[in-house]
Amino acid sequence: MVYNEASRIFKLDTAHTSYLIGLVDEEGFIGHAYFGKTISDSNAGYLMRTGEPPFVPSQNGRDRSSFFDAFPMEFPGCNTGDYRESAIEVLDEGGHNGVEIIYRDHRIFAGKPTPKGLPATFGGDDDCMTLEIDGVDKTLGLEVTLRYSVFADADVVARSVSVKNASDQPIFLTRLMSASLDMDMEPVQENYKLLTLHGSWARERHMEFREIGRGKVSVGSTRGESSHQEHPFMALVSEKADQENGSVYGFHFVYSGNFIAQVERTQFDSLRVQMGIHPKNFCWQLKPGESFEAPEVILTYSAEGLGGMSRTLHDLYRNHLIRSPYKDKKRPILINNWEATYFDFNTEKLLDIAREAKKAGIEMLVMDDGWFGYRNDDNTSLGDWTVNEKKLPGGLKHLVDEVNKIGLKFGIWFEPEMISPDSDLYRAHPDWAIAIPDRTPCRSRNQYVLDLTRREVVEYVYHAVARVLQEANIEYVKWDMNRQLTDLGSVYLGRENQGELSHRYVLAVYELQERLTRQFPELLLENCSGGGARFDPGMLYYSPQIWCSDDTDAIERLVIQEGTALIYPLSTMGAHVSDCPNHTVGRNTPFSTRGNVALAGTFGYELDITKISEEDRAQIPEQVKLYHKYNDLVRRGDYYRIASYRENHFFDCYEVVAKDKREALITCVQVMRRPNYHSRMIKLAGLDANLRYRNEETGEVYYGDTLMNAGIPVQEMWGDFQSRLIHLTAEEE
Ligand code: GLA
């Protein structure tokens, strides 16, 4: 990280990439000069094209507007000549919205500051450096700090922004992007497509590519959580890029609430890329002296295609984001009773499952929804976190002790942020639900969302959960959130602060999980939101794993897990084997394929083990063995996407290679059997060209370069939805 005083350029280098910011003109505009593959010069201010017409304002004050409409701004203001989307907008006391941020100062230092109350990547003084650029809008008295951190071991720039009101008047922030980049991407040479992750309940994070036409294209969430529908991630993918080659720029938001991710292709074909809290319904009051901290965006450039980006993000999140003591540990194989029993269970039923599970080698029983209040369906009791003794006579302690005696750990489900209109809590505190006064709020799954902007509500929720955890030996919590926010209103917040609700809500969720994991440091926390609607880097700061989707169908999971593994380490993907016909899509797949697909994630079961066929049950001990054999590799290794069922509609294949390249596990799923074919030749990736690898199944030994350049034959299997694991180990020299 250097500042070249002569050229007034900041140069941030990672192992393979450079990021350049320039100061321009005596006025001190902060410009974006470059982001991409490493370059050597730190005096490359010409990249901002300031030498070309339209000249910079000091030379062409008459046409200042032409400069503003073209200059690559590092943090564009608004309403002063730049018609592209702004990074910051305000409402001042006079009702005006004009912002222009000018350089004032900067600092470069070792380490990375920890933002208060927000998730963020972390690094020490020895492996991380930070640049802070202070800018100011003198008219408003608004101070902005642009923050950039780079890591010794990751090709990423972590970027965030904080804003301080240094005036003596209140200022309302109505838009604040955490990152904005004006990228000069001449389409004559290389055209970029936009990659986003789109979805719905039961089909989260499907990869979607689209052309970037002129104008704006954006994805986002205004649902109060990162959402099933769009994901706080986007990538610019060169048309020349594939899995292992070519340019890919990734942008990933470390946040779990409303977001926008947008690309604007301008009249000059440059791209303005922005990511931040969604401006819809956002209005944050900054009183004199107050500051606002925006969440962090991870920027990454890969010259090694999509796979390079995936591996960079996987390592970054494993090494610099997830804090749980479980992040480097094998997780207990769990069995969850949701699809086994839904709401219809009692102590005896759970113990039956536990006994059978123990015999098969399963390590933990998780009691899902329906254990509290009088909840026998999804219409009641959220908020009443006391055990239903009719279902669980003797209470939680009795049940957990019995499960422990059988030899299993015990985990429990909560949905702490919610309140059922039919609950004791709602009857006592109807104003604790988020609602606009005098307007009946919209029900979803017959529930409301708690107003977590209120301190007493946060305290209630925290103690309700903590009290249950203290009652018995509970070693795992599944923290669910089954509806999205509507009717944004709070009786607690004043008129001027209603626009703060959604962000305050997310901050409160973070606070709750921070407190919980501090008070119960050994607790294994798994986040969940109607499946995977809050699977984002923000939540990974608090929990090492997140439930990927309510859809456990092995074939749909190939697509969901491909999109998820594109940016998240496999160690974070909650993945279970469930019963067939699948409860979401009705599909029948072989038990072995369900197991092989779930092995790519945290692994567990979601079925009534006392009721499944003898044939399926007999396979569980073998799957348990495979989990123990391969999980260290899956959790720690490098991920390579070899073939995608999403693209070819026939065959899916991915590979995990150990960091020392001495071991690899390849998962092949033949979704459709091809008639009269015998085998496919699959080219592997990421191996050591000079090592000889033994295929454990066939005993054959080949050099890494042969397996990567010529391929390995995968025999066609009989029938659809068949799968196979190939395990390669390096031979001793
Ligand atoms: C959500 C979760 C499921 C299950 C149910 C319980 O849908 O994703 O796994 O816990 O809630 O109501």
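Bear in mind that the values in this text are calculations on the coordinates, not laboratory data. Values in this document were obtained by computation on a predicted structure and should not be read as measured data. Backbone-built Cβ (ideal geometry, glycine too); neighbour counts: all protein chains shown.
Data overview
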| item | result |
| --- | --- |
| Gyration tensor verdict on the stretch 128-237 (Cα atoms; rounded if a/c is under 1.5, prolate if a/b is larger than b/c, oblate otherwise) | prolate |
| Cα-Cα P(r), the stretch 190-277, percent of pairs per 10 Å interval | 18, 48, 29, 5, 0 |
| Helix-only mean residue ellipticity at 222 nm for the chain, each DSSP H run of n ≥ 4 adding -39500 (n - 2.57), per residue, nearest 500 | -6000 deg cm²/dmol |
| For the chain, convex hull of alpha carbons as volume per residue, Å³ | 162 |
| The stretch 637-687-the stretch 74-142 distance, computed between alpha-carbon centres (Å) | 44 |
| Cβ-placed point charges (K, R +1; D, E -1), dipole of the chain about Cα centre in debye, nearest 20 | 740 |
| Residues whose placed amide H lies under 5 Å from that of SER723, excluding near-sequence neighbours | GLN670 |
| Distance between the stretch 394-457 and the stretch 530-559 - C-alpha centres, whole angstrom | 21 |
| Directionally averaged projected area (convex hull, Cα atoms, the stretch 530-623), nm² | 6.0 |
| Three-way shape call for the stretch 258-336 based on the alpha-carbon gyration tensor, with the a/c threshold at 1.5 | oblate |
| Label-point separation in nm, LYS390 to HIS649, each point 7 Å along Cα→Cβ | 5.1 |
| CYS128 long-range amide H proximity, modeled H, under 5 Å | GLY111, ALA152 |
| Positive-pole candidate from GLY373, ASN404, ASN446, dipole of the stretch 366-458, charges at beta carbon | ASN404 |
| The stretch 633-721: chymotrypsin sites (Phe, Trp or Tyr not before Pro) in DSSP loop, at most 10 other beta carbons within 10 Å | TYR677, TRP718 |
| Globularity index of the stretch 353-467, i.e. its alpha-carbon radius of gyration over 2.2 N^0.38 Å | 1.24 |
| Amide H contacts of THR17 (H built 1.01 Å from N, under 5 Å, at least 5 apart or other chain) | THR38 |
| Contour excess over end-to-end distance, with Cα ends at CYS442 and ASP352 and 0.36 nm allotted per residue | 28.4 nm |
| Length released on extending from MET681 to GLU5, taking residue separation times 0.36 nm less the Cα-Cα span | 237.8 nm |
| For the stretch 448-511, the fraction of alpha-carbon pairs in successive 10 Å shells from zero, as % | 18, 47, 25, 9, 1 |
| Tensor-based shape of the stretch 272-402 (alpha-carbon gyration tensor, a/c under 1.5 rounded, otherwise prolate or oblate) | oblate |
| 31 Å Cα-Cα threshold exceeded, pairs from LYS359/LYS683; LYS391/LYS478; LYS625/LYS661; LYS409/LYS611; LYS37/LYS659 | LYS359/LYS683 |
| Dipole moment magnitude, nearest 20 debye, the stretch 458-617 about Cα centre, only Lys, Arg, Asp, Glu C-beta charged | 240 |
| Net charge of Cβ neighbours under 11 Å - reference LEU392; Lys, Arg +1; Asp, Glu -1 | +1 |
| Neighbour-count ranking [beta-carbon atoms within 10 angstrom, fewest first] of TRP385, TRP479 | TRP385, TRP479 |
| Net +/- balance of residues flanking ALA87 in space, Cβ distance below 13 Å, scoring K and R +1, D and E -1 | -4 |
| Two-decimal Rg/Rh across the stretch 239-296, once Rg and the Kirkwood Rh are taken from alpha-carbon atoms | 1.11 |
| Per-residue HN-Hα couplings for the stretch 547-561 [Karplus 6.51, -1.76, 1.60; θ = phi - 60°; Hz; x = Gly/Pro] | 5, 6, 5, 6, 8, 9, 4, 4, 7, 4, 4, 4, 6, 4, 6 |
| Full-stretch length increase - ALA428, MET672 - with 0.36 nm per residue and alpha-carbon distance subtracted | 82.2 nm |
| Cα-centred dipole magnitude for the stretch 44-93, charges only on beta-carbon of K, R (+1) and D, E (-1), debye, nearest 20 | 320 |
| Exposure proxy order (Cβ contacts within 10 Å, fewest to most) of PHE268, PHE35 | PHE268, PHE35 |
